[in-house]
Amino acid sequence: MNDDQRYISAFLQVFETKAELLEEVGAVEDLANLNQMISQMVDESDEEVADTIGIWCKKYPKIRDTLRSIINRKPEPQPTKKEEQEPRLLDRYPELPESLKKRLTNS
């Protein structure tokens, strides 16, 4: 996995597991803009997608710092309890993680 893919993967992790962070910094409504941009980038490179996410995150330093923290730490196995996760963001923006996951599996 290259740096761009790690950045995309870290954003996915925040999106899927840290909805409270997105809500805390007021980024939830702005996800619609990111969702639209990412959806239109099907033929763009991973670097361009990662850059788009990075530019979006400049408005939300706490999210950007969390992404950096995820990228820089060593992976630890963590049990996932999907049934306990609130699907609020996934319900509102189902295309966003799907678009990013497709990008990661194609690389």
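Using a simple spin-label model with points 7 Å from Cα along the Cα→Cβ vector, what separation in nm is obtained for residue 21 and residue 51?
Taking the two extended label points, one gets 2.4 nm.
Taking a 1.4 Å probe, which of 24, 48 shows the most accessible area, and what order do the others take after it?
Per-residue accessible area, sorted high to low, gives 24, 48.
Evaluate the relative contact order of the chain (contact order divided by residue number), counting alpha-carbon pairs under 8 angstrom at least 6 apart; express in whole percent.
So the answer I get is 47 percent.
Decide, for the chain, between rounded, prolate and oblate: order the square roots of the alpha carbon gyration tensor eigenvalues as a ≥ b ≥ c, take rounded if a/c falls under 1.5, and otherwise choose prolate if a/b is larger than b/c, else oblate.
Here the chain falls in the rounded category.
Report, by chain and number, residues whose modeled amide H sits under 5 Å from the one on residue 25, excluding near sequence neighbours (fewer than 5 apart, same chain).
none
So how exposed is residue 38, as accessible area in Å² (1.4 Å probe, rounded to 10)?
Using a 1.4 Å probe on the heavy atoms, I get roughly 10 Å².
The values are calculated or read from the model by the stated rules, or taken from the named source; none is laboratory data. All values derive from a computational prediction rather than experimental measurement. Glycine gets a Cβ as well: all are built from the backbone with ideal geometry, and neighbour counts include every protein chain shown. Accessible surface areas use protein heavy atoms only, side chains included; no ligands, DNA or RNA. Shrake-Rupley method; radii C 1.70, N 1.55, O 1.52, S 1.80 Å.
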